[in-house]
Amino acid sequence: MSSLIGIFHSAREALRQDQLALSATTDNISNQNTAGYAKRVVTLTGRDTVSLSGAAGPQAPVASVIAQRDPTLDRSVAAATASSASAAAVLSALNSLQNVFSIGASGDESSGINSALSGFFSAMRSLSANPTSSSGRTTALAAAQTVASSLRSTTALLSAQADTLNSAVVDGVTAVNAKTSQIAALNGSIITATNRADRDAYIDQRTALVEDLSRLVGVQQAVNSDGSVSLFTTSGAGLVVGKTSHALSTTVVNGATHVIAEGTDVTAGLSGGSIGGAISARDGALASTQTRLDTLAGAFANAVNTVNQAGKKVDGSAGGAIFAGTGAAGIAVVTTSGDAFAAAGQGEGNGGSANADALAALQSALQVGGMSFADALSAIVSSVGTAAASAQTAAAVATATLTQAGLAREAVSGVSLDTEAANLTQYQRSYEAEAKLLSVLDSIFASAINIGTQTAV
Amino acid sequence: MRTGATDLSGLLAQASALSAQQAEITRQLSTGTRLGTLSNDPVAAADTVRLSSSIAQASATLSAVQSAQSRVQAADAALGSVNDRLTAAVAQAISGANGTLSAANRSALATQLGSIRDSVLSLANSSYNGSYLFAGTATGAAPFNKDAVTGEVAYLGDAVASTLVLYGAALPTSLAGTTVFGNGPSSVFSALQDAITTLNNGDALSTAQVTALRDGLQTVIDQRSLLGTSAARLEDASTYTNTLQTNLKTAQTSVAASDTAALATELSAAATQRSALLSSIAMLGKGSLFDYL
């Protein structure tokens, strides 16, 4: 037999547990859209009975509020976020790159290099048909200048794109440092947290921050026994170790921004996130396109100069170099007169055209690694297009993976308004029942107190 | 369990992908080419670059051929006139070989031969577009110069024929003056001068002198037919290049062009899909259990 007081205490305890459950439900509903929040689940476990003087009293259950999360799913979402952000950054960079060479309705590619090269060789052709025409020579000079300027301006476009990516890396590193110091502070709070509710709240915030960080750079997570999480880059450089964060810095190497972690250059090892994507696009497709343009420019200048130097100019003297400068950035026409083109061959008079024929024949010559100039340019165009196409596929796959990972985590940790509504009703009814019980107990108490007395209380 | 938030973000991502697809299709329809974005067909883009270059090359070749053809035609016309003059000269020389001509007749013949010689000289110094046709590759100056005192004609050009290289073969586009008219004492000018001197001396022309003039005429005829061969080869090259250019342009159009009918179908399919998706999104947003409690 249990005492009335015992029942009273039990009912009061039950009311308190119901309040706890109601507040957990309120938390869930108000944090439904908060990033990193894991739904709070109320578990009611039966208490061990305690006997006092041989009588066992009714026991209200113990309510504990647990944040329902699966660290594995959290990590997979972070990883998918990093891949998705990286793929998006690469796609955006490659779309800008392929715009430089886009083909218009008339078949001209927009960098102008193809039509400039064709224009130059056409001018050489008409020079071979009319070696002494002064208008032909003016045209030839203009055509040479067009080739040089189209190569230079395309290089300028690519450099500008590289600069944009460099800025993205610098901005990204600043943001990473802000996030890692916040995460380190949260780690500290988690280690010293005294109660479960505080701890869970800090873990919610930290999960959201780690996801934000993953959007910037891909990280590997290691859970420590004290509850803190250490974060490393994919190549193993430490970003957050326990309560300490290690800041990244940037430096410029050969015009490209490199990332330094604890004194070591980690640029090549960074992958994932917008920083990883920017570095991958810059040092990959963008750099290789520039290299191939440089090779094309160098081979062209060399070929033209060599043939020109083998011929005779109108005044009978030997031809000189037409182009000078290194790479596609520096190629320039060194002559100011169309007379610099040596149209006559050795053994011909000053009106000969054999060397001009040779200059025109360079259009089909295999001067760039076994390819003609047009073939080399078309190889650049197709590789840029192919890279952009792969980037599109990769971005689509990464987005799908992220969605799936997000769904899997939502299934465990997400707040469903329907569930919360049902729980709310359940706890509300339970509370009403307990409250009713208390008021019944109250009147029973009054009766008990009034037993055997004449006057009513 | 599935919650509204994730479904919504997934569907919104799909809706924006469909919007992007619609924008791309519209762009292809308006520009008429799908290669504005290289990634749509990188191989076709590469082909277009090569084709553009080949088309420009064919066009330049055509211009060069036309230019050479004009030059060859001018040379042929000049040689035609030379042919006529020298034919007349041979006829005159034959009558000049008659021993019974009077001094006055011989004098008249000499004058006619003189005017033929001047005429042929002027034709030998023909130029086209500012460059001399029979100077070999020294086309900047008149190739034949008559000495005012001795009347001898000297050749100042060179012996190299101008050529145009077409599809790997060198086509002569001009003739060296010495090949057509001979040089120094063996030139047709010398033969004419020789005959004029003989006639002015009151003598009849010898058989050798008439033969010399005949040989000169024959050389001109032979060289003119060589030029005719060049003209024919140039015409062939022109026809071939024209056909080549047409084929290349057709190829480029088919490589780069967008298929309007297919695109229009894709566009309407994408639009339908997107509006269906947007309706689903709208329905998802409607309500939870809270509305019913």
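Averaged across the residues of A:414-422, what count of C-beta atoms belonging to other chains lies within 10 Å of each residue's C-beta? Don't skip to the end; give the middle numbers.
On the way: counts 6, 3, 7, 8, 8, 4, 3, 6, 2.
Taking the mean over all residues of the peptide, I get 5.
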Review point. Which of the residues in region B:18-57 lose at least 50 Å² of accessible area when you go from the chain alone to all protein chains together (probe 1.4 Å)?
Key: B:38, B:39, B:42, B:49, B:50, B:53, B:57
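I'd like the per residue volume of the convex hull spanned by the Cα atoms of region A:285-426, given in cubic angstrom.
Given the Cα convex hull of region A:285-426, per-residue volume reads 147 Å³.
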Revision key, fill the gap. The FRET efficiency for residue A:30 and residue A:432, from their Cβ-Cβ distance with R0 = 22 Å and rounded to 0.05, is 0.45
Review point. How large is the accessible surface per residue of region A:1-133, computed with a 1.4 Å probe and reported in Å² as a whole number?
Key: 44 Å²
Point to revise | Cα point-scatterer Debye curve for region B:1-131, base-10 log of I(q)/I(0) at q = 0.09, 0.16 Å⁻¹ | key: -0.62, -0.96
Review point. Which value in Å is the Kirkwood Rh of region A:334-417 over different Cα pairs?
Key: 18.6 Å
Check your understanding: Between residue A:336 and residue A:241, what FRET efficiency comes out of the Förster formula 1/(1 + (r/R0)^6) with R0 = 51 Å and r the beta carbon distance, rounded to 0.05?
Key -> 0.20
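Calculate the all-directions average of the projected area of region B:138-178's alpha-carbon convex hull, and give it in nm². Write down the numbers at each step before the final one.
On the way: hull surface 12.4 nm².
The directionally averaged projection comes out at 3.1 nm².
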Practice item. For B:152, B:235, write out the residues from largest to smallest accessible area, computed with a 1.4 angstrom probe and no ligands counted. Key: B:152, B:235
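How large is the Rg to Rh ratio of region B:148-242 when both quantities use alpha carbon positions and Rh follows Kirkwood? Don't skip to the answer; put the middle values down first.
On the way: Rg = 17.9 Å, Rh = 15.6 Å.
Answer for region B:148-242: 1.15.
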Review point. Under the Karplus relation 6.51 cos²θ - 1.76 cosθ + 1.60, θ = phi - 60°, what is the ordered set of whole-Hz ³J(HN,Hα) values for region B:149-154, x standing for Gly and Pro?
Key: 8, 7, x, 7, 9, 10
Revision key, fill the gap. Residues whose modelled amide H sits under 5 Å from the amide H of residue B:171, counting only those 5 or more places away in sequence or on another chain, are B:164, B:165, B:166
Point to revise | Accessible surface of region B:129-187 [probe 1.4 Å, protein heavy atoms]: carbon and sulfur percent | key: 57 percent
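Over region A:250-395, with the other protein chains present, what is the accessible area per residue in square angstrom, probe 1.4 angstrom?
Here the residues of region A:250-395 average 36 Å² of exposed surface.
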Practice item. Enter the buried accessible area of the A/B pair, total of both sides, probe 1.4 Å, in Å² rounded to the nearest 100. Key: 3800 Å²
Practice item. With a/c under 1.5 counting as rounded, go ahead and sort region B:209-252 into rounded, prolate or oblate using the C-alpha gyration tensor (a ≥ b ≥ c being the square roots of the eigenvalues; past the cut-off, prolate if a/b is larger than b/c, else oblate). Key: prolate
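Rg over Rh of the protein assembly as shown, using C-alpha atoms and the Kirkwood radius, what does it come to? Each step should come with its number before you reach the end.
Values: Rg = 46.8 Å, Rh = 34.6 Å.
Using only Cα positions, Rg/Rh for the protein assembly as shown is 1.35.
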Study note, to complete from the structure: Per the Kirkwood formula over distinct C-alpha pairs, the hydrodynamic radius of region A:194-242 in angstrom is 11.5 Å
Exercise for review: Let me know the volume per residue of the alpha-carbon convex hull for chain B, in Å³.
Suggested key: 155 Å³
Check your understanding: Considering only protein heavy atoms and a 1.4 Å probe, what is the carbon-and-sulfur percentage of the accessible area of region A:110-243?
Key -> 54 percent
Exercise for review: Pick out which of B:125, B:83, B:201 has the largest mean-square fluctuation in a Gaussian network model of chain B, springs linking Cα atoms closer than 10 Å.
Suggested key: B:201
Check your understanding: Which whole number gives the average count of other chain Cβ atoms within 10 Å of the Cβ atoms across peptide A:382-388?
Key -> 6
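Is there a simple number for the mean count of other chain Cβ atoms within 10 Å of the Cβ of residues in A:401-413, and what is it? Write out the running numbers ahead of the final one.
Values: counts 0, 3, 6, 1, 0, 4, 6, 1, 1, 8, 4, 1, 1.
Mean inter-chain Cβ contacts per residue within 10 Å come to 3.
Per residue, what accessible area does region B:1-144 have, given a 1.4 Å probe and all protein chains present, in Å²? List each step's numbers first, then the result.
Details: 5700 Å² over 144 residues.
With the other protein chains kept in place, region B:1-144 gives 40 Å² per residue.
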Check your understanding: Using a 1.4 Å probe, how large is the accessible area of residue A:179, given in Å² and rounded to the nearest 10?
Key -> 50 Å²
Exercise for review: Give me the accessible area of residue A:139, 1.4 Å probe, in Å² rounded to the nearest 10.
Suggested key: 80 Å²
Point to revise | Carbon + sulfur, % of accessible area of region B:203-293 - ligands and nucleic acids excluded, 1.4 Å | key: 59 percent
Practice item. Can you pull the one-decimal nm distance between simple spin-label points at residue A:448 and residue A:48, each 7 Å off the Cα toward Cβ? Key: 2.7 nm
Check your understanding: When Rg is the radius of gyration of the Cα atoms in region B:246-293 and Rh is its Kirkwood radius, what does Rg/Rh come to?
Key -> 1.52
Practice item. Describe numerically, in nm with one decimal, the distance between label points set 7 Å from Cα along Cα→Cβ at residue B:254 and at residue A:318. Key: 5.1 nm
Practice item. Can you spot the aspartates and glutamates whose alpha carbon is less than 19 Å from residue A:39's alpha carbon? Ignore those fewer than 8 places along the same chain. Key: A:18, A:27, A:70, A:74, A:198, A:200, A:204, A:211, A:410, A:418, A:420, B:7
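Please find the FRET efficiency linking residue B:146 to residue A:306, where r is the Cβ-Cβ separation and R0 is fixed at 30 Å, and quote it to the nearest 0.05. It would help to have the intermediate numbers written out before the result.
Numbers: r = 43 Å, r/R0 = 1.45.
After rounding, the FRET efficiency stands at 0.10.
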**Study point:** Where labels lie 7 Å past Cα in the beta-carbon direction, separation of residue A:195 and residue A:95 in nm
**Key:** 5.0 nm
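The values are calculated or read from the model by the stated rules, or taken from the named source; none is laboratory data. The model shown is predicted, which means the values in this text are computed figures rather than measured ones. In this analysis, Cβ positions are derived from the backbone assuming ideal geometry, glycine residues included, and neighbour counts consider all displayed protein chains. Accessible surface is based on the protein model in full, side chains and every heavy atom, while ligands, DNA and RNA are left aside. Shrake-Rupley method; radii C 1.70, N 1.55, O 1.52, S 1.80 Å.
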